[in-house]
Amino acid sequence: MIELSDITKTYGEGQEAYTALKGISFTIREGEFVSIMGPSGSGKSTLMHIIGCLDTPSSGTYVLEDRDVSTMTDDELAEVRKDKIGFVFQAFNLLPRTTVLRNVMLPLVYANVPEEERERRARAALVSAGLSEDHFSHLSNQLSGGQIQRVAIARALVNDPALILADEPTGNLDSKTSLVVLGTLQKLNRAHGRTIVLITHEPDIAEHADRLIRLRDGRVVADEKNPTPRDATQETKLYDGTDESVTNKLS
Amino acid sequence: MTTNDLVDETYAALSANKVRSGLTILGIVIGIASVIALTAIGQGAQNTISNSINSLGSNLLEVMPGAARTFGFGASGGRGSAKSLTPSDEIAIAGVSNVSLVSGEYAARYQIAVAGANTNTTVDGVNGSYATIRNITMAQGSFLNDVESQSLQKVAVIGSTVATDLWGPNATSTNLVGDKIRINNLLFTVIGLMSTKGGSGFGSQDNEVFIPLGTALQYFAGEGNQYLSTIDIQAASQQSMTQVQNDVTALLLSRHGISDPTKADFSILNQQDLVSAASSVTSTFTTLLAAVAGISLIVGGIGIMNMMLTNVTERMREIGLRKAIGATRADINTQFLAEAVALTFIGGTIGVALGWGASYLVTATGVVTAQVTSQSVLLAFGVSAAIGIVFGWYPARRAAALNPIDALRYE
């Protein structure tokens with residue numbers, strides 16, 4: 001479904017030129033849960049931008065669902081992002097002072113989904129993302145971090161994208177809340193067959209995926225199956241009962 | 001993105017910062033309101049002036065004598081002082097085609113007296129047709145007729161100012177018909193009192209006494225001095241005024257034996273010329289007022305641009321997110337442009353209402369009857385929408401051109 005072949009990305013020109021990606025090639029099949037990890041400066045953000053169709057590679061080809069997106073214009077890329085990709089950001093990026101439902105419906109506005117269908121789909125996405133119904137009409141700034149990130153996941157889901165791209169989704173969350181969010185992603189992958197690419201620099205977050213791709217200095221240094229992915233739901237249960245106050249916040 | 005969505009998004013964005021939106025709108029409100037109010041005042045002044053010119057009479061031409069000159073380099077007596085118009089000129093003019101009414105005038109100032117009071121004012125000898133030519137209406141009695149003129153009767157029609165000067169402030173409500181007045185020591189009988197007409201330019205007919213032309217020429221002009229001070233002509237229609245003016249000019253030139261029109265011993269004042277001259281002055285004035293108000297509108301527009309630029313910076317991450325989830329450049333451009341246009345449109349609506357209110361207030365003070373025209377309202381709306389587009393364009397373009405990666409990272 002995702003085919004990257006010999007992707008490079010160079011910023012600047014001449015003496016100042018800096019090559020962030022130096023020939024990346026890999027394939028991600030439908031239904032995979034892949035972690036891309038690497039320290040800062042490894043090129044994982046640049047790679048995320050290219051996979052997310054926010055940027056185009058300097059050379060190489062990127063085929064997303066049988067379409068070559070590596071030479072598309074800005075507006076063509078916007079179309080692809082609208083239909084094929086759901087983003088989950090580290091900084092959440094919900095619209096402030098706006099209800100949960102409206103936030104989730106936002107991608108449908110640009111996708112020209114009829115108004116009466118939007119709310120139905122947004123509710124379904126929120127349920128899949130594990131947010132309880134009584135929070136649907138809350139304003140985004142009245143929610144806890146874990147709830148906010150699940151709203152963001154619902155927003156990524158609502159357009160039924162081919163790929164969910166999560167960029168450090170737990171970066172602003174505490175460990176317990178991180179597990180809840182990871183659990184949500186795992187459930188979407190296992191139960192609903194969603195293709196998920198998780199970008200992180202933390203190994204213990206990355207290990208929740210079924211496949212690990214490690215980057216260093218703009219190259220893939222390892223691409224391997226994870227034989228024993230960590231199970232976020234199980235780990236959450238370890239927290240349960242030990243700290244009631246945290247558990248309450250999460251519900 | 002449907003229109004409905006656009007309205008929703010615009011409302012949400014503008015109501016997110018009500019004070020800022022309100023102040024920005026206020027700039028436009030002041031601009032539009034001043035444009036509306038000032039053009040209304042200008043328009044009102046224009047109407048007042050043309051109305052007062054038209055109240056002089058309809059389709060009016062006035063023939064006046066030229067300047068009296070002695071031969072050589074002698075002193076000029078000033079325009080109107082020459083004795084060049086005669087009662088026979090008046091009769092000849094009546095024969096010109098499309099002339100519906102003619103009245104000669106012999107005017108001079110005399111002392112008017114009744115028992116215990118006197119005044120000095122213009123005594124105007126005219127024909128019966130003068131009342132129609134000059135739109136005179138009567139409060140009491142009737143106007144002069146041609147029989148009185150031919151039989152040299154000593155009768156007078158007086159203006160309301162003359163009446164109050166002679167008989168006190170309540171004179172117009174008492175019956176004055178039949179009263180006697182002395183004009184230059186000759187006894188005249190009052191046969192009518194004219195309705196108050198109000199000031200019309202420099203002279204007011206309210207402060208005049210009218211007597212039959214024949215009587216005036218007989219008793220005041222004297223033997224061998226049978227000249228008219230003015231001949232009033234009413235043309236049959238507004239369209240025929242130029243033709244009448246040309247024909248009368250040609251007629252008088254030939255009657256006075258003058259071959260060079262530049263040496264004419266008379267001049268013709270065309271009421272239409274007066275109206276158009278006056279309205280060109282007032283419309284220049286109106287344009288000037290509108291231009292001054294327009295400057296405040298531009299300042300309001302700059303306020304819009306300022307707010308929109310601040311908005312783009314503040315909402316950088318929101319723009320990044322919208323782009324990430326599939327908004328195109330056009331979507332972002334439209335959204336920000338819609339916000340700017342909404343601000344100016346709301347400002348325009350309130351401004352029109354406020355300007356209208358201000359015009360009513362000005363009218364209520366009685367100085368000028370301000371008139372809000374539908375053109376100025378339409379223009380105000382058009383201009384305010386245009387300002388939204390012009391001043392919203394640059395911020396919207398900036399927002400649309402943002403790179404989503406940079407916008408998402410913006411702190």
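For segment A:131-182, taking the residues that are closer than 28 Å to A:GLU79 by Cβ, modelled with pLDDT under 90 and small (Gly, Ala, Ser), the one that is surrounded by the fewest Cβ atoms within 10 Å (Cβ to Cβ) is identified as A:ALA162.
Of all residues in segment B:15-59, exactly one satisfies the criterion of being outside any helix (DSSP H, G or I) and open to solvent by less than 10 Å² (accessible area, probe 1.4 Å), namely B:GLY57. Residues of segment A:71-83 that are surrounded by fewer than 21 Cβ atoms within 10 Å (Cβ to Cβ) and either among the aliphatic types (A, V, I, L, M) or touching a residue at least 24 places away in the same chain (Cβ under 8 Å) (or both): A:MET72, A:VAL80, A:ASP83.
For segment A:50-87, give me the residue count where each residue is more than 12 Å from chain B (Cβ to nearest Cβ) and assigned to a strand (DSSP E or B). Summing the residues that are more than 12 Å from chain B (Cβ to nearest Cβ) and assigned to a strand (DSSP E or B) in segment A:50-87 gives 8.
Pairs are defined by a Cβ separation below 8 Å, a sequence spacing of at least 6 or placement on different chains, a first member in segment A:224-251 that is open to solvent by less than 90 Å² (accessible area, probe 1.4 Å), and a second member that is modelled with pLDDT under 55; the pairs so defined are A:TYR239/A:VAL246; A:TYR239/A:THR247; A:ASP240/A:THR247; A:GLY241/A:THR247.
Looking at segment B:271-285, can you tell me whether even one residue there is open to solvent by 20 Å² or more (accessible area, probe 1.4 Å), part of a helix (DSSP H, G or I), in contact with a Gly (Cβ under 8 Å, 6 or more places away or on another chain) and not assigned by TED's automatic domain parsing to the domain that holds B:SER149? Scanning segment B:271-285 turns up at least one residue that is open to solvent by 20 Å² or more (accessible area, probe 1.4 Å), part of a helix (DSSP H, G or I), in contact with a Gly (Cβ under 8 Å, 6 or more places away or on another chain) and not assigned by TED's automatic domain parsing to the domain that holds B:SER149.
A count restricted to segment B:307-336 and to residues that are open to solvent by 30 Å² or more (accessible area, probe 1.4 Å), in contact with a helix residue (DSSP H, G or I) (Cβ under 7 Å, 6 or more places away or on another chain) and more than 14 Å from every other protein chain (Cβ to nearest Cβ) stands at 1.
Scanning segment B:359-389 for residues that are surrounded by fewer than 16 Cβ atoms within 10 Å (Cβ to Cβ) and touching a residue at least 60 places away in the same chain (Cβ under 8 Å) turns up just one, B:THR373. When A:GLN90 is tested against the conditions (1) in a loop (DSSP other than H, G, I, E, B); (2) within 27 Å of A:ALA17 (Cα to Cα); (3) within 11 Å of another protein chain (Cβ to nearest Cβ), the lone failure is (2). Restricting segment B:168-190 to residues that are at pLDDT 90 or above and open to solvent by less than 30 Å² (accessible area, probe 1.4 Å) leaves a set whose member that is nearest to the chain's Cα centre (by Cα) is B:VAL190. Every condition in (1) at pLDDT 90 or above; (2) in a strand (DSSP E or B); (3) open to solvent by less than 60 Å² (accessible area, probe 1.4 Å) is met by B:GLN111 except one, and the failing one is (3).
Answer yes or no as to whether A:HIS208 is open to solvent by 40 Å² or more (accessible area, probe 1.4 Å), of a type outside the set (D, E, K, R) and more than 14 Å from chain B (Cβ to nearest Cβ). Here the answer is no, as A:HIS208 does not meet what is asked. Kindly indicate whether any position in segment B:299-308 is among the hydrophobic types (A, V, I, L, M, F, W, C), farther than 20 Å from B:PRO395 by Cα and out of contact with any strand residue (DSSP E or B) (no Cβ under 9 Å at 6 or more places or on another chain). Among the residues of segment B:299-308, not one is among the hydrophobic types (A, V, I, L, M, F, W, C), farther than 20 Å from B:PRO395 by Cα and out of contact with any strand residue (DSSP E or B) (no Cβ under 9 Å at 6 or more places or on another chain), which makes the answer no.
A:LEU95 meets the conditions (1) under 25 Å from B:GLU411 (Cβ atoms); (2) part of a loop (DSSP other than H, G, I, E, B); (3) out of contact with any helix residue (DSSP H, G or I) (no Cβ under 7 Å at 6 or more places or on another chain); (4) at the interface with chain B (Cβ under 9 Å from one of its Cβ atoms) in every case but one. The failed one is (3). A single entry from B:THR349, B:THR344, B:THR313 fulfils the requirement of being farther than 18 Å from B:LEU378 by Cα and in the same structural domain as B:PRO404 (by TED's automatic domain parsing): B:THR313.
Counted as qualifying within segment A:145-221 are the helices (runs of 4 or more DSSP H) with 3 or more residues that are within 17 Å of A:PHE89 (Cα to Cα) and β-branched (Val, Ile, Thr), namely A:145-157, A:175-192. Counting only residues that are open to solvent by less than 70 Å² (accessible area, probe 1.4 Å) and over 26 Å from the mean Cα position of the chain (by Cα), segment B:232-256 holds 8 of them. Is one or more of the residues making up segment B:149-167 of a type in the set (Lys, Arg) and open to solvent by less than 30 Å² (accessible area, probe 1.4 Å)? Checked against the condition, which is being of a type in the set (Lys, Arg) and open to solvent by less than 30 Å² (accessible area, probe 1.4 Å), segment B:149-167 yields no hits at all. Inclusion of B:ALA353 among residues that are over 18 Å from B:TRP393 (Cα atoms) and within 20 Å of the chain's Cα centre (by Cα) is not warranted.
So that you can scan it fast, the table gives a plain yes or no per residue for (1) away from chain B (no Cβ under 14 Å); (2) closer than 15 Å to A:ALA166 by Cβ; (3) touching an Asp or Glu at 6+ places or on another chain (Cβ under 8 Å); (4) open to solvent by 50 Å² or more (accessible area, probe 1.4 Å):
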{"site": "A:GLN15", "(1), (2), (3), (4)": "yes, no, no, yes"}
{"site": "A:LEU21", "(1), (2), (3), (4)": "yes, no, no, no"}
{"site": "A:SER25", "(1), (2), (3), (4)": "yes, no, yes, yes"}
{"site": "A:GLU30", "(1), (2), (3), (4)": "yes, no, no, yes"}
{"site": "A:PHE33", "(1), (2), (3), (4)": "yes, yes, yes, no"}
{"site": "A:LYS44", "(1), (2), (3), (4)": "no, yes, no, no"}
{"site": "A:MET48", "(1), (2), (3), (4)": "no, yes, yes, no"}
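Filtered by the rule that a residue be in a helix (DSSP H, G or I) and surrounded by fewer than 23 Cβ atoms within 10 Å (Cβ to Cβ), segment A:106-127 gives A:TYR110, A:GLU115, A:GLU116, A:GLU117, A:ARG118, A:GLU119, A:ARG120, A:ARG121, A:ARG123, A:ALA124, A:VAL127.
The values are calculated or read from the model by the stated rules, or taken from the named source; none is laboratory data. None of these values were measured; they are calculated from a predicted model. In this analysis, Cβ positions are derived from the backbone assuming ideal geometry, glycine residues included, and neighbour counts consider all displayed protein chains. Accessible surface is based on the protein model in full, side chains and every heavy atom, while ligands, DNA and RNA are left aside. Shrake-Rupley method; radii C 1.70, N 1.55, O 1.52, S 1.80 Å.
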